[in-house]
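Visitor: After the structure tokens below, expect a handful of questions from me.
The values are calculated or read from the model by the stated rules, or taken from the named source; none is laboratory data. Values in this document were obtained by computation on a predicted structure and should not be read as measured data. Every residue, glycine as well, gets a Cβ built from its backbone with ideal geometry; the counts of neighbours run over all protein chains shown. Remember, those area values only see protein heavy atoms, side chains included, never the ligands or the DNA or RNA. Shrake-Rupley method; radii C 1.70, N 1.55, O 1.52, S 1.80 Å.
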Amino acid sequence: MSEPPTTAQDVTRPLTEPVPPADGLRRVVSAVFGDLRAVDGALYAAVAATPTPTLDRALRRLSHAADHSKISFAIAGALALAGSRPRRAALAGVGAVAVASASANLLGKRLVRRDRPDREAARVTVDRHVPMPTSASFPSGHTASAVAFATAVGTVVPAASVPLGALAGAVGYSRVHTGVHYPGDVAAGAVLGIASAATALAVASARFPASYRRR
């Protein structure tokens, strides 16, 4: 049996070609993101597989109540009636929600375009179900808005930071519990919410320095 012909290119090509630094970094980043997606999916599956009949309906109702930031706006309305400083906190919170919502829905979801979880394949119990949104999954807009509101209001009125922070955390978890988001979507939404609150507070401080000065 004859040997395949050897070309000049075969003779001169090294046995082990060096990997360009850019390609090596790209492979590492791709591998890291692959691992993170695997962990994200495993956490989602673990939540879906854990029976929690006492929590299911309550978290479903909470998730639904947080649609369009209804809870945050209701709290802002109550704060607006409680005095000048709570009123300023309410305005900062509403501004933070606006920034977070625009950033999540007009920027984040359009850039990443992550598919929603397969709730049926994960066997999320029907008692948890809320309508599956048609928008992209990353980041969680509900979480971004809730965290933005809690952070902004809590900065102006520190006594409100713990209860509002707990509520925002519950809203974020409810999105995973009901099967419409991966945990990573919620984590990204929380980071976006904090950044949105910082932006809204910075604008408010620049526009109304006497009202939003730091204490």
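Visitor: Test Leu91 against the stated conditions and say whether it is open to solvent by 30 Å² or more (accessible area, probe 1.4 Å) and under 21 Å from Ser205 (Cα atoms).
Guide: On the way: open to solvent by 30 Å² or more (accessible area, probe 1.4 Å): yes; under 21 Å from Ser205 (Cα atoms): yes.
Spelling it out, Leu91 is indeed open to solvent by 30 Å² or more (accessible area, probe 1.4 Å) and under 21 Å from Ser205 (Cα atoms).
Visitor: Continuing with this model, one more query. How many of the residues making up the stretch 121-134 are within 22 Å of the chain's Cα centre (by Cα) and part of a loop (DSSP other than H, G, I, E, B)? Explain how you work it out, then say what you get.
Guide: Within the stretch 121-134, the subset within 22 Å of the chain's Cα centre (by Cα) is 122, 124, 128-134.
Now narrow it down to the ones that are part of a loop (DSSP other than H, G, I, E, B): 122, 124, 129-134.
Matching residues across the stretch 121-134 total 8.
Visitor: Of all residues in the stretch 191-200, how many are open to solvent by 30 Å² or more (accessible area, probe 1.4 Å) and within 14 Å of Phe149 (Cβ to Cβ)?
Guide: Going through the stretch 191-200 one residue at a time, the tally reaches 5.
Visitor: Being modelled with pLDDT of 95 or more and farther than 18 Å from Ala170 by Cβ is the requirement here; does Gly83 meet it?
Guide: Working: modelled with pLDDT of 95 or more: no; farther than 18 Å from Ala170 by Cβ: yes.
Here the answer is no, as Gly83 does not meet what is asked.
Visitor: Can I ask one more? With buried (at least 21 other Cβ atoms within 10 Å of the Cβ), more than 26 Å from Arg57 (Cα to Cα), among the small types (Gly, Ala, Ser) and in contact (Cβ under 8 Å) with a residue 24 or more places away in the chain as the only criterion, which of Gly141, Gly172, Gly108 stands out? Before the answer, list the steps.
Guide: Values: Gly141 fails: more than 26 Å from Arg57 (Cα to Cα); Gly172 fails: more than 26 Å from Arg57 (Cα to Cα).
Exactly one of Gly141, Gly172, Gly108 is buried (at least 21 other Cβ atoms within 10 Å of the Cβ), more than 26 Å from Arg57 (Cα to Cα), among the small types (Gly, Ala, Ser) and in contact (Cβ under 8 Å) with a residue 24 or more places away in the chain, namely Gly108.
Visitor: Kindly evaluate Arg114 against the criterion of being open to solvent by less than 70 Å² (accessible area, probe 1.4 Å) and part of a helix (DSSP H, G or I). Break it down into steps so the answer makes sense when it comes.
Guide: Working: open to solvent by less than 70 Å² (accessible area, probe 1.4 Å): yes; part of a helix (DSSP H, G or I): no.
It is false that Arg114 is open to solvent by less than 70 Å² (accessible area, probe 1.4 Å) and part of a helix (DSSP H, G or I).
Visitor: For the stretch 31-80, give me each residue that is open to solvent by less than 50 Å² (accessible area, probe 1.4 Å) and among the charged types (D, E, K, R).
Guide: Listed by number, the residues that qualify are Asp40, Asp56, Asp67.
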